[in-house]
1. Arrange the following residues from fewest to most other Cβ atoms within 10 Å of their Cβ: His145, His172, His189.
2. To the nearest 20 debye, what charge dipole does the stretch 251-383 have about its Cα centre, counting +1 at the Cβ of each Lys and Arg and -1 at the Cβ of each Asp and Glu?
3. Please list, in chain and number order, the residues 5+ apart from Ile146 or on another chain whose amide H is under 5 Å from its amide H, with Hs placed from the backbone.
4. In deg cm²/dmol and to the nearest 500, what is the mean residue ellipticity at 222 nm of the chain if only DSSP H runs of at least 4 residues count, each as -39500 (n - 2.57), divided by the residue total?
5. Largest first and in whole Å, give the semi-axes of the stretch 251-383's equivalent ellipsoid, each being the square root of 5 times a Cα gyration tensor eigenvalue.
6. Among Ala309, Ala20, Ala321, which one moves the most in a GNM of the chain with springs linking Cα atoms closer than 10 Å?
7. Calculate how many DSSP beta bridges within the chain are antiparallel, expressed in % of all such bridges and rounded to the nearest 5.
8. If you filter the stretch 45-154 for trypsin sites (Lys or Arg not before Pro), then keep DSSP loop positions with at most 12 other Cβ within 10 Å, what is left?
Amino acid sequence: MDQVSDTTTTTAPVDASVPATATGVLTVDLGAIVANWRKLENKGVPAECAAVVKADAYGCGTEPVVRALAAAGCKTFFVATADEARAARAATRSAAIYVLGGCFQNGGDTFAELNCQPVIGDLNELAEWDVFCRRSGWTGGAAIHIDTGMNRLGLTLQDAQGLVPRIRAGDHGITLVMSHLACADTPQHPLNARQLLAFREIAQQFTGVPASLANSSGCFLGSEFQFDLLRPGAALYGVNPTPEADNPMRPVVDVKTRIIQVRDVERGDTVGYGGTWTARRPTRLAIVASGYADGYFRAAGGSDGTRSAEAVVAGQRCPIAGRVSMDLIALDITDLPDNAARRGHMATLIGDGITVDELGHHFGTIGYEVLTSLGRRYARVHKGGAT
Ligand SMILES: *Cc1c(COP(=O)(O)O)cnc(C)c1O
């Protein structure tokens with residue numbers, strides 16, 4: 001038997017199901033995504049809870065995620081683009097699918113073909129959409145996005161006010177009215193209350209049209225932010241929606257990468273590009289098969305005098321030695337027992353207590369970008385899900 005089956009160590013050996021050539025394994029826990037969705041759904045009652053699955057479900061895989069959430073009872077999904085709507089539609093026949101980026105010129109046919117709804121963000125777009133609906137006879141409806149302070153997409157409050165007579169007249173083709181919070185992860189930020197007030201005032205004039213304001217963090221700002229439909233994304237995938245408190249969500253993503261070489265270097269040797277990290281003692285390194293091309297940002301590397309990100313090897317956290325390369329990272333495993341980590345074993349980059357939020361900190365970004373950057377070279381495994 002080779003060393004992979006050695007059970008005297010606690011290093012994760014390579015699972016028999018991992019392809020022999022895989023550089024690592026990215027596991028998405030669909031059961032955790034469903035549990036996270038249920039948690040927000042329960043919190044929001046009587047509001048409905050949608051799921052935002054843009055950007056390939058924040059890197060977790062649109063089709064398996066939509067399938068699992070639809071099976072759990074989710075009836076409304078949000079994507080960013082029409083192409084993403086196509087992927088979502090492949091996983092659910094009946095759920096409503098909203099496209100946050102709206103409908104581009106001449107894009108209407110695709111919305112009809114996929115039976116999905118644009119989130120319309122200005123009056124020109126609405127006029128184009130109305131023409132398309134009149135010419136084609138399509139009655140699938142659209143959402144209206146109103147800007148209340150984000151200054152990104154959305155009708156101005158004045159433009160939205162101008163639509164009120166159309167809503168009052170009935171047969172308006174508007175299935176949802178929504179706005180988006182700019183500072184929901186900072187509960188004390190004054191913009192939250194201002195956006196809430198502005199949205200409440202306009203939304204209540206859209207009589208009979210369901211209203212939606214809260215993203216993940218918005219779900220935690222209080223029941224007055226919940227309206228008729230919650231729109232969480234990041235929290236479903238394990239990002240902490242309450243950065244100033246403990247994370248109420250379950251972790252979803254686990255990334256393990258393969259140790260492809262163990263080597264010893266002498267005191268005074270440098271490691272990696274630029275020679276920015278110097279061994280201050282005889283040092284043992286594990287070279288793992290991930291790098292910035294796998295979404296592990298270069299910012300997380302370690303040079304002399306800085307604190308790098310860590311990976312878990314044989315149950316212990318080990319710092320990165322030197323710069324993160326495109327395809328490789330060196331881990332300082334000197335403090336592990338001899339032979340605890342060997343060629344062919346796995347090191348954990350995300351999981352075993354390393355959260356996407358923690359990595360985001362080391363990457364100089366947020367958990368969201370850690371997720372949407374997740375590498376395409378890993379073997380991907382989806383486990384769990386609603387049964
Ligand atoms: C991305 C997005 C969401 C989801 O935001 P999270 O912070 O990931 O929960 C909700 N609404 C809109 C308009 C978005 O663009």
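1. Working: His145 27, His172 17, His189 14.
The order, fewest Cβ neighbours first, is His189, His172, His145.
2. Details: 17 positive and 15 negative charges, 72 e Å.
The calculated dipole for the stretch 251-383 is roughly 340 debye.
3. Leu155, Met178, Ser179
4. Details: 10 runs with 101 residues, N = 387.
-7500 deg cm²/dmol, from helical runs alone.
5. On the way: eigenvalues 105, 56, 32 Å².
Each semi-axis is the square root of five times an eigenvalue, giving 23, 17, 13 Å.
6. Between Ala309, Ala20, Ala321, it is Ala20 that shows the largest mean-square fluctuation.
7. On the way: 29 of 54 bridges.
Given both bridge residues lie in the chain, the antiparallel proportion sits at roughly 55 percent.
8. Values: sites: Lys54, Arg67, Lys75, Arg86, Arg89, Arg93, Arg134, Arg135, Arg152; in loops: Lys75, Arg93, Arg152.
Qualifying residues, ordered by number: Arg93, Arg152.
Every number here is computed from the coordinates shown, using simple stated rules; none is lab data. Quantities reported herein were computed from a predicted structural model and do not represent experimental measurements. Neighbour counts are summed over all protein chains in view; Cβ atoms, including those assigned to glycine, are modelled from backbone coordinates with ideal geometry.
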